[in-house]
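So the structure is just underneath, and the comments pick up after that.
The values are calculated or read from the model by the stated rules, or taken from the named source; none is laboratory data. Since this is a predicted model, take the numbers as computed values, not measurements. Backbone-built Cβ (ideal geometry, glycine too); neighbour counts: all protein chains shown. Ligands, DNA and RNA are stripped out before the accessible areas are found, and what is left, the full protein with its side chains, is counted by its heavy atoms. Shrake-Rupley method; radii C 1.70, N 1.55, O 1.52, S 1.80 Å.
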2 protein chains.
Amino acid sequence: MADMRLTKPDDASIKSFITGAAGEFMQAAGHSAGNGARNGALGETIAARLLELAAITDEPGHLTRLYLSPAHRKAADLVAAWMREAGMTAQIDALGNVVGRYDARNPGARTLLLGSHIDTVRNAGRFDGALGVVTAVEAVKAASKSAKRFAFAIEVVAFGDEEGVRFASTLGGAKALAGKFAASALDETDDGGVSRRQALMAFGCDPSQLRELTASAERTLGYVEVHIEQGPVLEQENLPVGIVTAIAGVTRATVEIDGVAGHAGTVPMPLRKDALMAAAEMLLAVEAAARSRPGLVATVGKLEVPASATNTIPGRVCFTLDIRSASDRERIDAVAAIRQSHDAIARRRGVSARVLIGHEVPAAVCDRRLSDQLAAAIESFGIAPRRLPSGAGHDAMAFDKVIPFAMLFVRCRGGTSHNPDEYASPADIDIAAGVLLNFLERIESQ
Amino acid sequence: MADMRLTKPDDASIKSFITGAAGEFMQAAGHSAGNGARNGALGETIAARLLELAAITDEPGHLTRLYLSPAHRKAADLVAAWMREAGMTAQIDALGNVVGRYDARNPGARTLLLGSHIDTVRNAGRFDGALGVVTAVEAVKAASKSAKRFAFAIEVVAFGDEEGVRFASTLGGAKALAGKFAASALDETDDGGVSRRQALMAFGCDPSQLRELTASAERTLGYVEVHIEQGPVLEQENLPVGIVTAIAGVTRATVEIDGVAGHAGTVPMPLRKDALMAAAEMLLAVEAAARSRPGLVATVGKLEVPASATNTIPGRVCFTLDIRSASDRERIDAVAAIRQSHDAIARRRGVSARVLIGHEVPAAVCDRRLSDQLAAAIESFGIAPRRLPSGAGHDAMAFDKVIPFAMLFVRCRGGTSHNPDEYASPADIDIAAGVLLNFLERIESQ
């Protein structure tokens with residue numbers, strides 16, 4: 001879509017990169033020009049390719065690329081072409097993952113997985129997911145152009161099912177690699193009644209080949225994902241990149257409060273059992289429980305007053321809770337504290353309150369060794385290695401307790417994501433690509 | 001509607017009342033049998049007639065009687081018949097008010113207005129409005145049966161437009177008597193596109209006769225209305241009746257809060273500008289402002305989080321304010337205090353908040369002299385004369401600053417109103433009717 005291309009790819013810079021001199025890998029990885037000194041070409045290239053990818057959409061006028069859609073098909077083909085250009089073999093697997101392989105120096109070596117996703121939310125930004133895929137492909141290309149082979153094979157995976165917009169379950173592609181994909185998910189249907197199985201077959205995939213995907217722990221070194229932060233921490237601290245400590249665990253709950261409805265004019269304040277005022281006090285208790293636990297976040301995203309009227313004291317209120325922490329212990333502790341405060345508030349106000357737990361997902365902790373190597377790579381560019389949790393879910397979490405995984409976060413403007421305003425600068429992306437290459441070097445040398 | 005008649009009117013008790021001995025007026029007014037000793041017949045009669053009236057509905061299955069509807073027509077005819085039976089002349093005026101007149105001893109005497117309304121909300125209770133009309137008719141009937149005439153004429157008015165369900169403006173019938181009816185209201189249309197003028201003509205009224213209604217202050221003693229409390233105060237204090245000090249003034253406003261939306265997982269608590277958490281704090285400030293001012297009530301009836309999602313920090317919240325007090329000064333002071341606290345909360349949280357005043361109606365203060373006579377009448381039954389404001393609006397407020405008015409509240413179960421569960425006991429109604437008769441005696445003797 002032409003109007004998505006805010007700036008044209010800088011063909012000259014792309015060309016100069018592709019045809020660059022031998023030793024480009026070393027330069028890109030921060031070795032030749034000294035710590036922190038980079039020419040930014042890799043970042044510009046990646047930014048240009050993200051623009052090109054963002055033009056592939058299911059909905060003209062903005063970026064929407066749903067799993068197994070026509071736009072997903074075109075994007076997968078483009079990414080496969082980029083992989084081949086980068087010196088990889090490329091194929092689309094049984095679940096629609098695009099997998100590019102860059103062989104190791106020696107056959108039989110273990111494999112390092114790099115990747116992220118190329119599906120999007122509706123009216124998306126162009127960095128969420130795609131950044132990690134394109135950065136990995138360009139990192140391999142830099143190695144390939146320098147005829148650099150590693151002691152491990154690299155597989156770059158472009159997952160297609162991270163956002164979970166089309167079908168009920170999510171992370172199907174990454175779960176399959178991790179041996180966690182439930183075959184029952186093939187029968188899930190989208191809003192149009194099309195099953196995942198049917199959509200896969202129309203995409204040209206053979207869902208019966210599913211079991212062949214499983215990445216065994218023995219032959220896989222780990223999984224590393226570059227992703228925009230989708231939050232404001234790095235921007236606040238003026239850092240281009242950071243290392244993810246864990247993908248936060250989450251508790252989702254609904255709180256229902258029943259008080260007594262009444263006429264706004266006729267019930268004196270001391271006689272009220274106002275469900276909304278009780279809710280207000282409970283919300284502030286939720287906030288206080290989160291504020292007193294650094295690293296934990298708690299959000300009331302929805303609050304409804306059914307059958308409300310300006311002149312009626314609310315008799316019933318429902319609200320949602322979303323509580324996240326990299327520490328499961330801290331999260332469970334906070335949920336208990338919130339329950340306790342809600343009970344006390346309800347008792348004092350003469351209303352009833354029920355906290356109904358929806359789902360609970362434990363935190364997925366990043367691998368210490370891989371993360372330390374990312375930190376060392378960041379420090380080699382003269383940048384403080386900030387470690388922070390990821391409050392959002394990512395493909396990486398599918399690998400929890402199966403293979404080691406780590407994530408590199410890239411600063412994004414205003415912390416904005418899932419929005420056309422989503423933005424990461426070419427300069428920051430360039431540093432992320434450099435860190436990834438430096439990281440590959442470090443793993444290589446171990 | 002047969003199924004509305006939970007109990008059949010006790011024909012025997014009605015008959016015995018109607019055919020009762022001379023002196024019945026004195027007995028009913030609490031004179032013959034001593035303070036507080038009543039046989040309850042008047043209350044039973046009124047309760048029975050309220051059941052009969054409640055059977056007249058526009059919507060089978062529950063009580064809904066809108067202004068100028070077929071059910072209103074039938075109810076008006078029934079009330080007019082009851083008025084005639086009670087010794088009054090009765091007619092339906094240009095706005096559909098049913099007006100029954102009981103002449104004074106001498107022609108040219110001033111007139112005391114008694115009344116309330118016979119329209120209802122949808123799915124209403126049977127006491128709101130109708131109680132005041134039927135009680136006034138039965139009080140006159142008690143006088144008439146004893147051949148009692150007063151030094152003043154009595155006009156009992158059954159207004160038809162108190163609830164404001166059908167047309168935009170309300171209290172049209174009472175405003176017309178007070179000389180406050182705006183002719184433009186005749187052009188208001190209902191949901192079906194029928195104008196008030198058309199509806200009046202279909203009802204058999206002649207809207208052009210409007211100006212003849214005006215009750216001049218010189219020839220009118222005042223207006224007295226019996227009404228259920230619609231609140232829990234009398235029940236809490238174990239009192240059957242109370243005297244209204246004023247019909248509360250009201251300020252209606254909308255508060256709009258703009259914060260910054262964000263991902264529930266990725267924005268640390270200290271970096272949030274959560275519109276809903278700001279709203280929660282503002283709600284509690286509203287509550288505190290009301291609690292610290294006895295007699296003032298403040299209600300947040302509606303609160304909305306547009307485009308909300310469980311995993312999104314709310315960026316925008318709107319809520320309503322409804323603030324009432326019998327003291328305009330106290331209400332204006334509370335609104336200022338609430339604005340101030342909202343500003344401080346918004347500033348501290350980095351959100352913006354606007355308080356948009358919708359409408360403001362000053363308090364309508366009841367006449368001291370008429371209220372004192374009601375109090376004396378209550379005391380004559382050995383009951384403490386509790387004075388309390390009315391948080392709800394009533395026909396009486398239309399007479400503010402035109403003629404003196406007073407109101408007698410009757411205890412209702414649980415403070416419930418605008419609901420089929422609305423209930424006032426025959427015993428309490430009997431006391432209210434006795435107080436009204438005693439009050440007429442007191443006015444008479446002055």
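Looking only at the stretch A:286-308, how many residues end up being more than 7 Å from chain B (Cβ to nearest Cβ), among the small types (Gly, Ala, Ser) and crowded, with 19+ Cβ neighbours inside 10 Å? Spell out the reasoning first.
Quick first cut of the stretch A:286-308, residues more than 7 Å from chain B (Cβ to nearest Cβ) only: A:286, A:288-289, A:292-296, A:298, A:304, A:306-307.
Keeping just the survivors that are among the small types (Gly, Ala, Ser) gives A:288-289, A:292, A:295, A:298, A:307.
Those still in the list that are crowded, with 19+ Cβ neighbours inside 10 Å too: A:289, A:295, A:298.
Here the count works out to 3.
So, in the stretch B:349-397, exactly how many residues are out of contact with any helix residue (DSSP H, G or I) (no Cβ under 9 Å at 6 or more places or on another chain) and in a helix (DSSP H, G or I)?
Qualifying residue count for the region: 6.
Anything in the stretch A:367-409 that is within 21 Å of residue A:440 (Cβ to Cβ), of a type in the set (Val, Ile, Thr) and out of contact with any Phe, Trp or Tyr (no Cβ under 8 Å at 6 or more places or on another chain)? List them, or say none.
If the condition is that a residue be within 21 Å of residue A:440 (Cβ to Cβ), of a type in the set (Val, Ile, Thr) and out of contact with any Phe, Trp or Tyr (no Cβ under 8 Å at 6 or more places or on another chain), then A:378, A:383 are the ones that fit.
So is residue B:109 surrounded by fewer than 24 Cβ atoms within 10 Å (Cβ to Cβ) and farther than 18 Å from residue B:392 by Cα or not?
yes
Given (1) surrounded by 20 or more Cβ atoms within 10 Å (Cβ to Cβ); (2) β-branched (Val, Ile, Thr); (3) facing chain A (nearest Cβ under 9 Å); (4) over 21 Å from residue A:275 (Cα atoms), where does residue B:244 come up short, assuming only one miss?
Answer for residue B:244: the failing condition is (3).
How many residues does the stretch A:165-183 hold that are part of a loop (DSSP other than H, G, I, E, B), aliphatic (A, V, I, L, M) and either buried (at least 16 other Cβ atoms within 10 Å of the Cβ) or touching a residue at least 60 places away in the same chain (Cβ under 8 Å) (or both)? Working first, answer last.
Narrowing the stretch A:165-183 to residues part of a loop (DSSP other than H, G, I, E, B): A:165-171, A:178-182.
After this cut, where a residue has to be aliphatic (A, V, I, L, M) as well, the list is A:165, A:168, A:171, A:178, A:182.
Adding the requirement that they be either buried (at least 16 other Cβ atoms within 10 Å of the Cβ) or touching a residue at least 60 places away in the same chain (Cβ under 8 Å) (or both) leaves A:165, A:171, A:178.
Number of matching residues: 3.
Please tell me if residue A:73 is basic (Lys, Arg), modelled with pLDDT under 95 and over 20 Å from the mean Cα position of the chain (by Cα).
Considered against the rule, which asks whether it is basic (Lys, Arg), modelled with pLDDT under 95 and over 20 Å from the mean Cα position of the chain (by Cα), residue A:73 comes out as no.
Regarding the stretch B:120-128, can at least one residue be identified that is more than 18 Å from residue B:228 (Cα to Cα), touching a residue at least 40 places away in the same chain (Cβ under 8 Å) and among the basic types (Lys, Arg)? Can you show your working first?
Let us first name the residues in the stretch B:120-128 that are more than 18 Å from residue B:228 (Cα to Cα), namely none.
No, that holds for no residue.
Of all the residues that make up the stretch B:351-385, how many are among the polar types (S, T, N, Q) and outside the structural domain of residue B:221 (by TED's automatic domain parsing)? Can you show your working first?
Start the filter on the stretch B:351-385 by keeping residues that are among the polar types (S, T, N, Q), which leaves B:352, B:371, B:373, B:380.
Of the ones still in play, those that are also outside the structural domain of residue B:221 (by TED's automatic domain parsing) are B:352.
Here the count works out to 1.
Give all pairs with beta carbons closer than 8 Å in which a residue from the stretch A:421-446 that is more than 13 Å from residue A:51 (Cα to Cα) meets a residue that is charged (D, E, K, R) and modelled with pLDDT under 95; count only pairs at least 6 apart in sequence or on separate chains.
From the stretch A:421-446, the pairs are A:430/A:38; A:431/A:38; A:434/A:38.
Scan the stretch B:251-266 residue by residue and report those that are farther than 30 Å from residue A:163 by Cβ and more than 7 Å from chain A (Cβ to nearest Cβ). Please lay out each step first, then the result.
The first filter runs over the stretch B:251-266 and keeps only residues farther than 30 Å from residue A:163 by Cβ, leaving B:251-256.
Matches in the stretch B:251-266: B:251, B:253, B:254, B:255, B:256.
Any residue in the stretch A:369-396 that is under 17 Å from residue A:232 (Cα atoms) sitting within a Cβ distance under 7 Å of a residue that is assigned to a helix (DSSP H, G or I) and open to solvent by 10 Å² or more (accessible area, probe 1.4 Å)? List the pairs, counting only those 6 or more apart or interchain.
Every condition considered, the pairs that remain are A:385/A:379; A:388/A:233.
Would you pick out the residues in the stretch A:309-324 that are within 19 Å of residue B:284 (Cα to Cα) and either open to solvent by 10 Å² or more (accessible area, probe 1.4 Å) or within 8 Å of chain B (Cβ to nearest Cβ) (or both)?
Those that are within 19 Å of residue B:284 (Cα to Cα) and either open to solvent by 10 Å² or more (accessible area, probe 1.4 Å) or within 8 Å of chain B (Cβ to nearest Cβ) (or both): A:309, A:310, A:311, A:312, A:313, A:314, A:315, A:316, A:318.
Answer yes if at least one residue in the stretch A:340-358 is at pLDDT below 95 and within 16 Å of the chain's Cα centre (by Cα), and no otherwise.
no
For the stretch B:259-301, how many residues meet the condition of being of a type outside the set (Gly, Ala, Ser), at pLDDT 95 or above and over 20 Å from residue B:343 (Cα atoms)?
Residues that pass the stated criteria total 4.
Would you mind telling me which numbered condition in (1) open to solvent by 50 Å² or more (accessible area, probe 1.4 Å); (2) in contact (Cβ under 8 Å) with a residue 60 or more places away in the chain; (3) more than 14 Å from every other protein chain (Cβ to nearest Cβ) residue B:211 fails?
(2)
Where the second residue is among the charged types (D, E, K, R) and open to solvent by 20 Å² or more (accessible area, probe 1.4 Å) and the first is more than 8 Å from chain B (Cβ to nearest Cβ) and lies in the stretch A:267-282, which pairs have Cβ atoms under 6 Å and are six or more apart or on separate chains?
So the pair list comes out as A:275/A:316; A:278/A:349.
Mind checking whether some residue in the stretch B:325-343 is part of a strand (DSSP E or B), facing another protein chain (nearest Cβ under 8 Å) and crowded, with 21+ Cβ neighbours inside 10 Å?
There is no residue in the stretch B:325-343 that is part of a strand (DSSP E or B), facing another protein chain (nearest Cβ under 8 Å) and crowded, with 21+ Cβ neighbours inside 10 Å.
Which pairs have Cβ atoms under 7 Å, sit 6 or more apart or on different chains, and link a residue in the stretch B:333-351 that is in contact (Cβ under 8 Å) with a residue 12 or more places away in the chain to one that is open to solvent by 80 Å² or more (accessible area, probe 1.4 Å)?
Listed pairs, sorted by first residue: B:349/B:273; B:350/B:273; B:351/B:273.
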